[in-house]
Amino acid sequence: MKQRKKQSGFTLIELAIVLAIAAAVIYVGFAVVPSLLASNKSNAETSALPAIVAKIQKNYATQPNFAGVTTAGLIGLDVFPPEYVNGAALADRWGGTITPAVATIVTASDGIALTYTNIPQQECVDVAVGMERTMRIISVGGTVVKADGGVLNRTTLGTQCNNATNTMVFTFGR
């Protein structure tokens, strides 16, 4: 009588278990990684924006107001991190643009408005919440979600950030 050799390798059940575990890991990766990346970008922005504001305020501390401020002038003063500078333009971390402009908060030219485009929904909320104390006025999609001297209206923020991409304006003064 011939002896049967025991086969080596995985059985069909063992292979099915390994595939199920791999599928679960991949599913969790696809569910968690985008959220982590979004959180990372919004955290990085809420760290960078106060530094940008401080540099602009420092450079214009002896001036009566912000009259004459331009994108080229701010780039020349190195107020933006190098990764934001794209030639003569500014790009945000979401592939949109950053456009600085002189603004009026109380009196003419007493503020700077930084307009960011292409901000995804979750980052829109996260960045606005993170900038509540730094910025005097915050608007999303043309609607003010934080008025000068006020607090961030989270209900309005949630409604306004409800787009795949959003335009946000952060206004600060001296």
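The values are calculated or read from the model by the stated rules, or taken from the named source; none is laboratory data. Remember, it's a predicted structure, so these values are computed and weren't measured experimentally. Because the Cβ atoms are built from the backbone with ideal geometry, glycine has one as well, and the counts that use them run over all protein chains shown. Heavy atoms of the whole protein, side chains included, go into the accessibility calculation; ligands, DNA and RNA do not. Shrake-Rupley method; radii C 1.70, N 1.55, O 1.52, S 1.80 Å.
Please find, among 23, 31, 38, 44, the residue that is open to solvent by less than 70 Å² (accessible area, probe 1.4 Å) and at pLDDT 80 or above.
Numbers: 31 fails: at pLDDT 80 or above; 38 fails: at pLDDT 80 or above; 44 fails: at pLDDT 80 or above.
Going through 23, 31, 38, 44 in turn, just one is open to solvent by less than 70 Å² (accessible area, probe 1.4 Å) and at pLDDT 80 or above: 23.
Is it the case, given these coordinates, that residue 83 is within 18 Å of residue 169 (Cβ to Cβ), outside any loop (DSSP other than H, G, I, E, B) and of a type in the set (Asp, Glu)?
Details: within 18 Å of residue 169 (Cβ to Cβ): no; outside any loop (DSSP other than H, G, I, E, B): yes; of a type in the set (Asp, Glu): yes.
Against the criterion (within 18 Å of residue 169 (Cβ to Cβ), outside any loop (DSSP other than H, G, I, E, B) and of a type in the set (Asp, Glu)), residue 83 does not qualify.
In region 83-124, the residue that is most open to solvent (accessible area, probe 1.4 Å) out of those that are aliphatic (A, V, I, L, M) and more than 15 Å from residue 49 (Cα to Cα) is 106. Somewhere in region 148-167, is a residue touching a strand residue (DSSP E or B) at 6+ places or on another chain (Cβ under 7 Å), within 28 Å of residue 76 (Cβ to Cβ) and at pLDDT 95 or above? Yes: region 148-167 contains one or more residues that are touching a strand residue (DSSP E or B) at 6+ places or on another chain (Cβ under 7 Å), within 28 Å of residue 76 (Cβ to Cβ) and at pLDDT 95 or above.
Within region 135-156, identify whether any single residue is in contact with a Pro (Cβ under 8 Å, 6 or more places away or on another chain) and over 23 Å from residue 107 (Cβ atoms), and answer yes or no. First the steps, then the outcome.
Looking only at region 135-156, we keep the residues that are in contact with a Pro (Cβ under 8 Å, 6 or more places away or on another chain), and these are none.
No, because not a single residue in region 135-156 is in contact with a Pro (Cβ under 8 Å, 6 or more places away or on another chain) and over 23 Å from residue 107 (Cβ atoms).
Applying the set (1) open to solvent by 70 Å² or more (accessible area, probe 1.4 Å); (2) farther than 16 Å from residue 42 by Cβ; (3) without any contact (Cβ under 8 Å) to a residue 12 or more places away in the chain to residue 147 leaves exactly one unmet item: (1).
Taking the condition over 18 Å from residue 164 (Cα atoms), part of a helix (DSSP H, G or I) and of a type in the set (S, T, N, Q), does residue 63 pass? Answer is no for this residue.
From 87, 95, which residue is modelled with pLDDT under 95, of a type in the set (Gly, Ala, Ser) and under 19 Å from the mean Cα position of the chain (by Cα)? Write out each step before concluding.
Details: 87 fails: under 19 Å from the mean Cα position of the chain (by Cα).
Going through 87, 95 in turn, the sole match is 95.
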